[in-house]
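Notes follow once the structure below has been shown.
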Amino acid sequence: MRARPMAFALLLLATTAPTAAAQEAYPARPITLVAPFPPGGVADLTARPVAAALEKVLKNPVGVVNKTGAAGAVGMQFVATSRPDGYTLLLALSSIAIIPEADKLFGRPPAFTVDQFVPLALISADPTILVVPADKPWRTARDFIEDARKRPGQISYSSSGIYGTLHMAMELLSHAADIKLRHLPTPGAGPAITAILGGHVEALASGPAAVIAHIQSGKLRPLASWGVERHPALPDVPTFKELGLPGAEFYIWAGVFAPKGTPAPVVARLESALRQAVAEPEFRGAMDKLKTPIAFRQGEEFRRFFDADARRLAEGVRRVGRVESK
Amino acid sequence: MLETLQNLSLGFSVALSPTVLLYAFVGCVIGTLVGVLPGVGPLAGISLLLPVTFGLDATRAIVMLAGIYYGAMYGGSTTSILMRIPGEAASVMTCIDGYAMARKGRAGAALAIAAVGSYVAGTASIVGLMALAPPLAAFALRFGPPEYLALLTLGLLVLAYMSSGSMLKSLAMAALGLLLGMVGIDQMSGYFRFAYGLVELGDGLGVVPVAVGLFGLAEILATAGQPTPPGVIQPRFRELLPSRREWRESTLPIARGTVLGFLIGVIPGSAHIISSFVSYALEKRLSRHPEEFGQGAVAGVAGPESANNSATSGAFVPMLALGVPSGPIPAVMLAAMMVHGVAPGPLLIQQQPALFWGFIASMYVGNVVLLILNLPLVGLFVNLLRVPYSYLYPAILVFAILGVYAVNGSVVDVWIMLAMGVLGWVLRKLDFETAPIVLGVVLAPMIELSLRQSLAMSDGRYAIFIERPIAATLLAVGAVLVLLSLRTFVRRGRDWRARVVLAGKGEGP
């Protein structure tokens, strides 16, 4: 009975404090940044330092709310349908482009569509890394691909779930390299890593931060990266682009979005505030601890990145098609 | 050995420093409260407090969050015993016999045994965590989908032991639970099943709203439906403590629950919830008076409550030794470490000895704190029963709704809880038991996923379940259990035939 009153007190503080400010100027009320995944995930861990830095820049409370469920669809739908006044923002991951496409595939009414959002800023974009257990014979990505060609459907990999980001990365590679792998979906990125460490699958596409400790301890071997450039933390690991597979490009990215229809002055204010926020030393320090490089992009640049990514992912989803149950 | 003692003394020097001690204490207090409040479980509690820890250093943050986790296991039994509302999901089993004990006026004894069992299990399992973490973690990782399915099959067999009434009715409820567990996104193909266009149903029916509805709300409705309210229990002080017989009957269940809970807790993906179910079934199987289960058997409180506590220590094994989350709660704690710049992974114990050993030592301290905190509270909590129902039940209802809403901030969860409350009430009227439904809801998604994952791994060959040694062993144990119960069946049959023969002889010459 202690935890609740504290939360209520915070809420009360948050709702009463800013009313003193001028009513018409944005922001006049606390801003909610919705993280559509549970605490501790990439979205949550990025949202919290972003919110803290924004709060400092805007001199206005910014709270993170975890609205979770259905692989992020619940939170994203919530923001898509909330009032476009700049007080409800979304911190989304790459999956924002996948979910509507999967909905289309199954012929169900989409929970939301990408054009219901205005992209404000890209915060981070980390390429996935192909890792295999260290006791496997493949020394290079070429070994792996050649072996996969010889044994179609025999080499297995784990993912964070069907149509999830880690599944899509592997799917883009399979298509680019013309190989067929066996897919083992798990309920999240954590279980996917557990599966490869336990020797239940033979490959995994993972965000670098989640596997670097296991690479350093010699349990996993990195073969290649999905980035355009080599990853700074793994300078010896080539990219698929270098290996002649430019189609295998994939990032786990995090960006801030507002609902469509948010007034232009508010969007402009938020964009400039986000630009200042990512320059805050506390923010840089927090992202550094998470081993996630900042990849800040805005405006046209972010829109281009987002469109290209959404196109790639939509194609990927369509190529996987509807998975018939086994 | 000497090295371990040196490390432990380092750990205690960290854990007993005033600030770390303070955070361990705060964590334990919050954990107890989170456990006591219906609906709000340790995951919600830790998630709510994760941002608060960002200002602390890594050791303090981890010590506090862990305190919430195991503290919740202490507190979870309270409302289960007093009001038949599971404070968190792992206390569902305690509702059955704990509440039955309370109806008999033994609420104090049940609470005290739950606290002492939790203490013994909590402390003993830290020894296991300390001594066995690295080898056990490596073993736990070998639990892939086929092994997990074998374990869950054992869990299903447990269902047969759940009921104290009709076996047929109990199996029917289990089947209903398994069906309810099918709601949500199919993890292998992405289909929405039985969601009726509600995105919120994508993750299925949560265990918390189902359990709080079926147990707590149903109980409230049933009481309200009686023409005369049941007499308020007036606990007397000398009845607060367990009797000698109750202590004796709980000793072995506590010991077995500790070992069992620890082992199940270590396995990745497995929840502390299952440990309490399995412990309950084990105690019923081993008991000389299985008919007492459901009517207030002490072992039915002591075993599961010990098991869910030692399962929390078990869950830390893969987290600390390998940096692998064994469930959602350790996953949040791993994230907390990363936020503080501590890289979780196989090298954690060497690179951060002060954090690791400080954490271990703080768990010893925390368990003592919790025991000191909880035993005197028994008297206080039992006094809640003196409050007339007309005041107590509306208050509980409010807390249950708030708690269930707080977990995901979802109104749909509240509706699920209310619907389950009505369902539970109807089923009670028809003399069905509701515990098997909860077990079905817990098990169904896990069984389905691990079965289909196994078949995806083997490309559709069922032989995978007997080719892998751990899975084969577990299935063999399950088969032996089935055969053993068949044997008693046959023997009883023989007894019956023997009696007929004897009767025939008597009628003879």
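No lab work stands behind these numbers, since they all come straight from the coordinates. Please read these numbers as outputs of a predicted model, since none were measured by experiment. Neighbour counts run over all protein chains shown; Cβ positions are idealised from the backbone, glycine included.
Laid out as a table, the results:
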{"read-out": "P(r) tail fraction, region A:63-189 - alpha-carbon pairs more than 26 Å apart, %", "value": "35 percent"}
{"read-out": "Distance violations [Cα-Cα > 28 Å] among A:Lys67/A:Lys136; A:Lys104/A:Lys136; A:Lys56/A:Lys289", "value": "A:Lys67/A:Lys136; A:Lys104/A:Lys136"}
{"read-out": "Cross-link pairs A:Lys241/A:Lys291; A:Lys150/A:Lys180; B:Lys169/B:Lys429 - those with Cα-Cα distance over 19 Å", "value": "A:Lys241/A:Lys291"}
{"read-out": "Where N is the number of residues in region B:360-409, Cα Rg divided by 2.2 N^0.38 Å", "value": "1.63"}
{"read-out": "Cα-Cα P(r), region B:53-101, percent of pairs per 10 Å interval", "value": "30, 33, 20, 15, 2"}
{"read-out": "Cα coordinate range in region A:129-225, projected on the principal axes (Å, largest first)", "value": "30, 28, 22"}
{"read-out": "Full-extension gain in nm, B:Leu483 to B:Leu430, via 0.36 nm per residue minus C-alpha separation", "value": "15.9 nm"}
{"read-out": "Stokes-Einstein D in µm²/s, Kirkwood radius over Cα pairs - chain A at 37 °C with 0.692 mPa s viscosity", "value": "158 µm²/s"}
{"read-out": "Förster radius 56 Å - calculated FRET efficiency between B:Arg288 and A:Arg151, Cβ distance, rounded to 0.05", "value": "0.45"}
{"read-out": "Rounded tilt (10° steps) of A:42-58 against the dominant C-alpha axis of chain A", "value": "30 degrees"}
{"read-out": "Efficiency of FRET from Cβ geometry, A:Val65 and B:Tyr196, R₀ 22 Å, rounded to 0.05", "value": "0.30"}
{"read-out": "Cα gyration tensor category, rounded, prolate or oblate, for region B:279-370 with a/c compared to 1.5", "value": "prolate"}
{"read-out": "Descending Cα extents along the principal axes, region B:41-187, whole Å", "value": "54, 44, 33"}
{"read-out": "Kirkwood Rh, Cα atoms: Rg over Rh of region B:186-226", "value": "1.22"}
{"read-out": "Over 13 Å [Cα-Cα, region A:188-234], rounded percent", "value": "56 percent"}
{"read-out": "Residues B:Leu2 and B:Leu179, FRET efficiency given R0 of 60 Å [Cβ-Cβ distance, rounded to 0.05]", "value": "0.60"}
{"read-out": "Where the Cα pairs of chain B fall when distances are cut into 20 Å bins, in %", "value": "23, 56, 19, 2, 0"}
{"read-out": "Gyration tensor verdict on region B:374-492 (Cα atoms; rounded if a/c is under 1.5, prolate if a/b is larger than b/c, oblate otherwise)", "value": "prolate"}
{"read-out": "Descending Cα extents along the principal axes, the protein assembly as shown, whole Å", "value": "101, 70, 62"}
{"read-out": "Spread of Cα-to-Cα distances over 10 Å intervals beginning at zero, given as percent, for region A:252-326", "value": "14, 35, 30, 15, 5, 0"}
{"read-out": "Simple Cβ-charge dipole of the protein assembly as shown, Lys/Arg +1 and Asp/Glu -1, about Cα centre, in debye nearest 20", "value": "1680 debye"}
{"read-out": "Radius of gyration and Dmax over the Cα atoms of region A:52-134, both given in Å", "value": "15.6, 51"}
